[in-house]
Structure formats: structure tokens, C-alpha cells
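What follows is a single structure, written as C-alpha cells, with notes after it.
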Amino acid sequence: RADARQVTVPAERGRLGQRHARLAGALLPEGLRGLVLASHPGPTAVVTALSAALVVGVGGRPATVALATAAVLTGQLSIGWSNDWVDARRDVAVRRADKPVVAGLVSAGLLRGAALAAAAACVVLSLAVGLVPGVVHIVAVVSAWAYNVRLKASAWSWFPFALSFGLLPAFLVLSLPGHPLPAAWAVAAGALLGTGAHVANVLPDLEDDHRTGVRGLPHRWGRTASSVVAPAVLVTAVLVVVLGPAAPPGVLAVAGAALAVVLAVTAGVVALSRHRSRLPFRLSMAVAALCVVLLVGAGPEMVSG
């Protein structure tokens with residue numbers, strides 16, 4: 001399965017980036033290649049890089065940037081590995097040959113050990129950043145694990161994404177000297193981004209999920225409704241990022257918001273007219289990418305007061 005999450009974000013990740021991951025992984029020994037692919041390397045790299053950019057943008061010191069980034073990386077690795085470990089039987093049942101366990105590159109037992117080791121490292125690194133930010137990040141990672149283990153098949157499947165993504169800016173801002181509070185709009189934007197990304201990311205796997213009994217909120221809504229809701233939620237996140245800061249939005253922010261609206265409307269129209277099209281998923285991911293870019297650009301505005 002490719003879903004998830006991320007600063008922590010749940011690990012139900014979609015197929016975004018798998019092709020590039022397989023090409024890169026082909027150069028590695030089989031076991032290591034399996035671990036790399038099972039970590040969901042594309043989303044893991046994106047979330048880790050985003051976190052590093054955000055903590056730099058809000059004024060983090062080099063030591064803080066290094067520790068916070070390492071904490072996010074180990075957290076994301078634990079989430080990705082636990083996802084493929086927990087989903088191993090489902091992936092075998094639907095013959096997901098693109099999954100490392102099904103392809104025989106790595107065993108579920110090895111993924112379990114790697115996930116637990118990465119989680120332990122994440123706890124140590126998170127607390128090294130500071131007690132308050134460390135606890136916030138650990139809660140975000142636990143939320144992602146809860147999705148992997150149980151909540152992905154429930155009507156609450158969206159909640160871990162909202163919580164984990166919402167806690168990302170909180171963790172990074174709290175890591176600064178004096179532990180300043182994050183701006184409320186930044187936390188809200190993160191939660192909306194996570195929710196929209198979750199709805200969009202499950203779209204490519206709806207049929208496989210149905211066959212294995214996974215019925216999260218997007219599955220209950222159906223493909224057409226989810227294809228409309230995903231870009232709508234994501235464009236709302238974009239508008240929060242643009243309008244939330246005290247400073248008036250710049251030209252680039254306004255242009256980004258306008259483009260996000262156009263992409264979201266297009267995704268909705270396609271979803272309603274072509275029920276089996278995957279274009280709404282791709283357009284939703286483009287809106288999510290715009291939101292991330294605008295969030296990084298907001299920089300110091302993420303700090304309250």
C-alpha cells in the first residue's frame with residue numbers, strides 16, 4: 001500500500017514516487033533495496049526535506065535543524081516500514097508485486113524490527129530537541145502508527161493525517177529557543193493539508209483496498225465524491241496559508257492561490273464527468289505541492305506573535 005504521512009504523517013502513501021524509488025533501488029543489494037522501497041522513499045524524502053526547510057525558514061539554529069530533521073527522518077522511516085509490515089498479508093492477497101514483501105526483497109519480520117528500531121531512535125532524537133517539542137513529535141508519530149495498525153479501515157481514517165500534519169509546524173516552531181508557539185493558521189493549514197492528501201492518496205488503491213476489507217472514510221464516500229473533496233480540502237489549506245499570516249499576501253502567494261483554485265475546479269469537473277479517471281488524483285497532488293511551497297515561503301510568519 002502506498003498511503004501515509006507525515007511530519008509526521010501517516011504512512012498510507014499512494015504510488016507517487018515509486019517509479020523513481022525502484023530505479024534508484026535497483027543499484028542497491030536486494031535486502032537493502034527492499035528496506036529502501038518499503039520506507040516509501042519518495043514521501044519520506046519530501047516530508048524530511050520540507051521539515052528541514054521549515055525549521056530553517058522559522059529561524060532554527062544549525063544544531064536544531066540537524067536534530068529536528070533527524071527526528072523527522074527516523075519517524076518517517078518507522079511509519080513507512082510499519083505500514084508495509086502491517087499490510088504484508090493484504091499486499092500478498094491482492095498480488096501487489098510492486099511491494100517489497102510480495103516481491104521477496106524483504107520479510108515482514110525484518111520490516112517489523114526496522115520499524116521498531118527507527119521508532120526508538122525517533123523518540124531519542126525528538127526528546128533531544130526538547131521535552132515539549134519532543135512529546136509533540138512523538139504524538140504525531142504515534143498517530144501515524146495508529147493509522148497503519150487500525151484506523152485506516154475506519155471512518156476515522158482522516159484523523160491521524162489531520163493530527164500528524166497539524167503537529168508538524170507545531171513541532172518545528174516549538175524546537176526554536178524559548179519554545180515559541182506556532183501560529184494557529186499554520187497548524188490549521190497542516191491539518192487540512194494532511195486530510196486532503198489522505199483522501200487523494202487512497203484514490204489509486206480504492207479497488208485493492210475494497211478487496212482486502214479496508215474501508216476508510218474516502219472508501220465510504222466513493223471515488224467520485226472523494227475526487228471532488230480532496231482538491232476542495234487542499235485548496236482550502238492553500239487559502240489558509242495565503243490569508244492566515246498577519247502580513248498581506250504577496251503577488252506570488254496570490255498567484256499560487258489562484259492556480260490552486262483552477263486546479264481544484266478542474267479536478268472536480270473531471271471527477272464528475274469521468275468517474276474512473278485518475279486525473280483528479282494528479283491534480284490534487286499538484287494543489288498539495290503548491291500548499292507546501294507556500295507554507296515554506298511563509299517562514300517566520302509561522303511563529304505566533
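The values are calculated or read from the model by the stated rules, or taken from the named source; none is laboratory data. Please read all numbers here as calculations on a predicted model, not as lab measurements. Cβ atoms come from the backbone with ideal geometry, glycine included; neighbour counts cover every protein chain shown. The accessibility values were calculated without ligands, DNA or RNA, using every heavy atom of the protein model including side chains. Shrake-Rupley method; radii C 1.70, N 1.55, O 1.52, S 1.80 Å.
Listing for the model above:
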quantity	calculated
Amide hydrogen neighbours beyond the local backbone of V303, cut-off 5 Å, H modeled	A183
Cβ charges +1 (Lys, Arg) and -1 (Asp, Glu), total dipole of the range 136-231, debye	180 debye
Segment E207-A184, length gained on full extension (0.36 nm per residue, minus Cα span)	4.6 nm
Relative packing of 102-110, 277-285, which averages over residues the other C-beta atoms within 10 Å, highest first	277-285, 102-110
Stretch gain in nm, segment S107-S277, where the contour uses 0.36 nm per residue and the Cα spacing is subtracted	57.8 nm
Average accessible surface area per residue within the chain, 1.4 Å rolling probe, Å²	41 Å²
FRET efficiency for A117 and S304, using Cβ-Cβ distance with R0 set to 41 Å, rounded to 0.05	0.70
Charge dipole (the range 160-305, unit charges on Cβ, about Cα centre) - positive-most of L163, P180, T266	T266
Percent accessible area from carbon and sulfur atoms, the range 92-200, protein chains only, probe 1.4 Å	76 percent
Residues R215 and T266, FRET efficiency given R0 of 30 Å [Cβ-Cβ distance, rounded to 0.05]	0.60
FRET efficiency, A49 to L259 (Cβ-Cβ, R0 22 Å, nearest 0.05)	0.50
Signed unit charges on C-beta, dipole axis of the chain, positive-most listed residue A119, A197, H210	H210
Alpha-carbon spread of the chain, three principal axes, descending order, Å	52, 49, 35
Span-like helix ranges in the chain, DSSP H, alpha carbon extent 18 angstrom or more, Kyte mean at least 1.0	41-57, 108-129, 131-149, 158-174, 184-201, 223-243, 251-273, 279-298
